[in-house]
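Derivation of every value follows stated rules applied to the coordinates shown; laboratory data play no part. Predicted model only: the values in this text are computed from it and were never measured. Virtual Cβ from ideal backbone geometry, glycine too; neighbours counted across all protein chains shown.
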Amino acid sequence: MQQDFEADFWKDAERRKIWDDIVPGEPRKTIPYTLTLEAIQRYCRAVGDLHPLYFDEEYARRSRYDGLIAPPSIHILLMFACIPADDWMRSPGTVNAGQSWSYNCPARPGDTITLQARALDKFIKRERLFVIHDNVFFNQQGDVICSGRGWTIRPM
């Protein structure tokens, strides 16, 4: 069984990249993640989404998806599963200032997910540190699962 990714954002905080380390345009280091049915269902239960497409194999097989899938919002779990502990996105105190996502095809149990991510810009406004970043998730066939752009406020 695949080990869970680290969810303690304070762990290894001293190794985390800081504002000066964020280079717009530079690809971020990412880690492939194999999405399991257990991870999908744990995520769904945590967010209260109990749709049968994520739990009932027979129902999902009869659907247009021809099998179990993950909900589109699984990118939230994938974002942290696919980045290492020293990534600046894991900094405690980071605030999500907005995001926009496009969904292309569903992730499925057993998919190996890869992430291409980078900061696009960083700036200071009203004494706050902002980073605009983009993220594209792929399955093992190279199909884009989803892509998005986000704005975060970094801790000082």
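Residue pairs whose Cβ atoms lie under 9 Å apart, separated by 6 or more positions or on different chains, with the first residue in the stretch 141-156 and part of a strand (DSSP E or B) and the second acidic (Asp, Glu), are 145/111; 147/134; 148/134; 149/134; 150/134. Scanning the stretch 47-101 for residues that are out of contact with any Gly (no Cβ under 7 Å at 6 or more places or on another chain) and of a type in the set (Lys, Arg) yields 62, 64, 90. Considering the stretch 81-96, the residues that are surrounded by 14 or more Cβ atoms within 10 Å (Cβ to Cβ) and not in a loop (DSSP other than H, G, I, E, B) include one that is nearest to the chain's Cα centre (by Cα), namely 81.
Only residues that are surrounded by 14 or more Cβ atoms within 10 Å (Cβ to Cβ), of a type in the set (Gly, Ala, Ser) and not in a strand (DSSP E or B) were counted across the stretch 97-128, and they come to 1.
Of 131, 144, all but one fail to be surrounded by fewer than 16 Cβ atoms within 10 Å (Cβ to Cβ) and not aromatic (Phe, Trp, Tyr); the exception is 144.
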